[in-house]
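Below: one structure, written as structure tokens.
The values are calculated or read from the model by the stated rules, or taken from the named source; none is laboratory data. Remember, it's a predicted structure, so these values are computed and weren't measured experimentally. Please note: Cβ atoms are built from the backbone with ideal geometry, for glycine as well, and neighbour counts cover all protein chains shown. With ligands, DNA and RNA removed, areas are computed over all heavy atoms of the protein, side chains included. Shrake-Rupley method; radii C 1.70, N 1.55, O 1.52, S 1.80 Å.
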Amino acid sequence: MTTMRGRKLRLRKFCLFFFPLCFIGCVLASACFPSAAADDPAAPEFKNRIELSGSYEYLSPNGDYGNWGTFTAAFYRKERPDFTWFAQIQTYTRPEGTGLLGNVGAYKDWTPAFYTYTSVAAGTDVEYLPQIRVDHDFNFKFGPDKKFVWILGGTYIGYYDVHRDYILSTGLMAYLGDWVAEYRIFRNLSSPGWVESYSHLFSLAYGQEGRHWTTANFSFGKQAYLATSLAEPEAVSKNSYLVSLNHRQWLAKNYGVFGELSYFDLQSTYKKGGFLFGGFWEF
């Protein structure tokens, strides 16, 4: 039994070292082979994109939470220059059970200075997925050459139990040459109990469409709700933070790879390290 546990521990350590090393190696290697589209001003604009990816997350304490796996398939369609829609399906494997989440959404430019984003998602009856989720963002461009964007968003999440989340958010995005910076604040009201909490997101991206994108994200805040499963329901409020680094690389005019490394910490509950790898094809 001890030998078997030792082997599992060594295997987990190997995975936690090997896969991040592969991700970093992929980024460095692909950077040596820039996309042909970057050097061809007449490169075609593709209307469709298919993406496939898989992720693995290791949680600690592992005996309590186990490991999480996700597979994602997505299709994006640029119907018109001012309208893009997408459909996505995700399968989740966790100790609590296997779940399925479907999502459809669209980006729409209404004027040169205003566009929206809308998505609707629905999951199967497992405790970690929403029964229904609706997101909508208003985006207002302003400033010189419309390089700044004010974001105003709202989210509704209904779960299979009595919980509901109502989220309001606002923030700013700036396009500064090859750099894109974003800050966003979220105000969450969790029902029942109308428990209030806030979270923040900082994001910095570098790259060009058709060549590569590298994005670093840092978010922190509270996860707060009323624990109704207790004999006497009480409010739960825990600090959390998430750090992630992702990279998307075009290997040719119409296909490439992407990956992500992430780390999440939920106060006095669990810590989670994860990696994701996938590919995309445009046509």
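For segment 240-254, state whether one or more residues are of a type in the set (F, W, Y), within 23 Å of W213 (Cβ to Cβ) and in contact (Cβ under 8 Å) with a residue 40 or more places away in the chain. Looking for residues that are of a type in the set (F, W, Y), within 23 Å of W213 (Cβ to Cβ) and in contact (Cβ under 8 Å) with a residue 40 or more places away in the chain, one finds at least one in segment 240-254, hence yes. Of the numbered criteria (1) part of a strand (DSSP E or B); (2) touching a Ser or Thr at 6+ places or on another chain (Cβ under 7 Å), the one G259 fails is (2).
For segment 125-133, the count of residues that are in contact with a Phe, Trp or Tyr (Cβ under 6 Å, 6 or more places away or on another chain), open to solvent by 60 Å² or more (accessible area, probe 1.4 Å) and not charged (D, E, K, R) is at least one.
For segment 255-280, the set of residues classified as in contact with a Cys (Cβ under 9 Å, 6 or more places away or on another chain) and either closer than 15 Å to W213 by Cα or open to solvent by less than 30 Å² (accessible area, probe 1.4 Å) (or both) consists of V257, G259, F277, listed by residue number.
When residues in segment 79-90 are screened for being open to solvent by 60 Å² or more (accessible area, probe 1.4 Å) and either assigned to a strand (DSSP E or B) or in contact (Cβ under 8 Å) with a residue 60 or more places away in the chain (or both), 4 of them pass. If the condition is being surrounded by 17 or more Cβ atoms within 10 Å (Cβ to Cβ) and either under 21 Å from L52 (Cβ atoms) or touching a residue at least 40 places away in the same chain (Cβ under 8 Å) (or both), then segment 206-222 contributes G207, G210, R211, H212, W213, T215. The sole residue among G193, G278 that is in contact with a strand residue (DSSP E or B) (Cβ under 6 Å, 6 or more places away or on another chain) and in a strand (DSSP E or B) is G278. Entry remark, segment 183-204: residues being without any contact (Cβ under 8 Å) to a residue 24 or more places away in the chain and basic (K, R) number 1 in total. Step by step: first the residues of segment 62-72, then only those that are part of a strand (DSSP E or B) and open to solvent by 30 Å² or more (accessible area, probe 1.4 Å), then the one that is nearest to T269 (Cα to Cα). Which residue is that? Among those that are part of a strand (DSSP E or B) and open to solvent by 30 Å² or more (accessible area, probe 1.4 Å), it is N67. Screening A174 with (1) at pLDDT 95 or above; (2) open to solvent by 40 Å² or more (accessible area, probe 1.4 Å); (3) over 24 Å from F264 (Cβ atoms) gives one miss only, at (2). None of D137, D161 is among the acidic types (D, E) and open to solvent by less than 50 Å² (accessible area, probe 1.4 Å) except D137. Taken across segment 223-234, residues that are in a strand (DSSP E or B) and either at pLDDT 95 or above or of a type in the set (F, W, Y) (or both) do occur, with at least one present.
Scan segment 152-160 and give yes if some residue there is under 28 Å from L100 (Cβ atoms), of a type in the set (S, T, N, Q), assigned to a strand (DSSP E or B) and without any contact (Cβ under 8 Å) to a residue 60 or more places away in the chain, otherwise no. Yes.
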